[in-house]
Amino acid sequence: MNLNTRDPVAEQLRRWWFCRVSEISDLDLQRRTWLDPINQNPHWSYIEFVESYPKDDQLSHALQQGWLTADEFKILSELRRILVAHSPPGGNDYDNAAILKDRAWHSVVEAAGGARQKLLSITTDQHEREMLLGTT
């Protein structure tokens, strides 16, 4: 299968999804943004990180369209499985402070770091690499 990343939708989705992996892998970023009382942007919260990560059907569609390689699909799907398996302390999706202290969340962050490294090892597009590195 040829990778069809020159489609503008594919470019945007890939960059968005790779950025999500980077954000989930960065506990320091989460501490700075989730706990900042001045920051009112809802993106910077546990619930948004979980909800903005691509769903299984989105990943499958991207694979079928040639927007993801089989390896990328596997990496992103595995991280999704780990992410949605996480239960925040006390079942409270809005207690960012408790989540940031949660060892189970730290395991998710670690898994995202592994996914990030795997994607960096196979991604050659400079913009996508910048998203994964969090340098944009």
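The values are calculated or read from the model by the stated rules, or taken from the named source; none is laboratory data. Bear in mind the structure is a predicted one, so any value in this text is a computation, not a measurement. Note: ideal-geometry Cβ built from the backbone for every residue, glycine included; neighbour counts use all protein chains shown. Heavy atoms of the whole protein, side chains included, go into the accessibility calculation; ligands, DNA and RNA do not. Shrake-Rupley method; radii C 1.70, N 1.55, O 1.52, S 1.80 Å.
If R0 is taken as 30 Å, the Cβ-Cβ distance between Asp7 and Ile122 corresponds to a FRET efficiency of 0.95. Its relative contact order, with pairs defined as Cα atoms under 8 Å and 6+ residues apart, puts the chain at 38 percent. Comparing Ser52, Gly66, Gly90 along the charge dipole axis of the chain, the residue lying farthest to the positive side is Gly66, per the Cβ-charge model.
At a probe radius of 1.4 angstrom, the accessible area of the chain per residue rounds to 56 square angstrom.
Could you please state how large a percent of the accessible area of the chain is carbon and sulfur, counting protein chains only and using a 1.4 Å probe? That fraction is 50 percent. Here is the list for region 26-81: trypsin sites (Lys or Arg not before Pro) lying in DSSP coil, each with at most 16 other C-beta atoms within 10 angstrom of its C-beta, are Lys55. When Ile38, Ile47 are compared by accessible surface with a 1.4 Å probe, the order from highest to lowest is Ile38, Ile47.
Where the only charges are on Cβ atoms (+1 Lys, Arg; -1 Asp, Glu), what is the dipole of the chain about its Cα centre, to the nearest 20 debye? Using only the charged Cβ atoms, the result is roughly 220 debye. The coefficient of translational diffusion for the chain, derived via Stokes-Einstein from the alpha carbon Kirkwood radius under 25 °C and 0.890 mPa s, stands at 160 µm²/s.
Just to confirm the filter: which chymotrypsin sites (Phe, Trp or Tyr not before Pro) across region 31-128 are DSSP coil and have at most 11 other Cβ within 10 angstrom of their Cβ? Loop-located and lightly packed - Tyr94.
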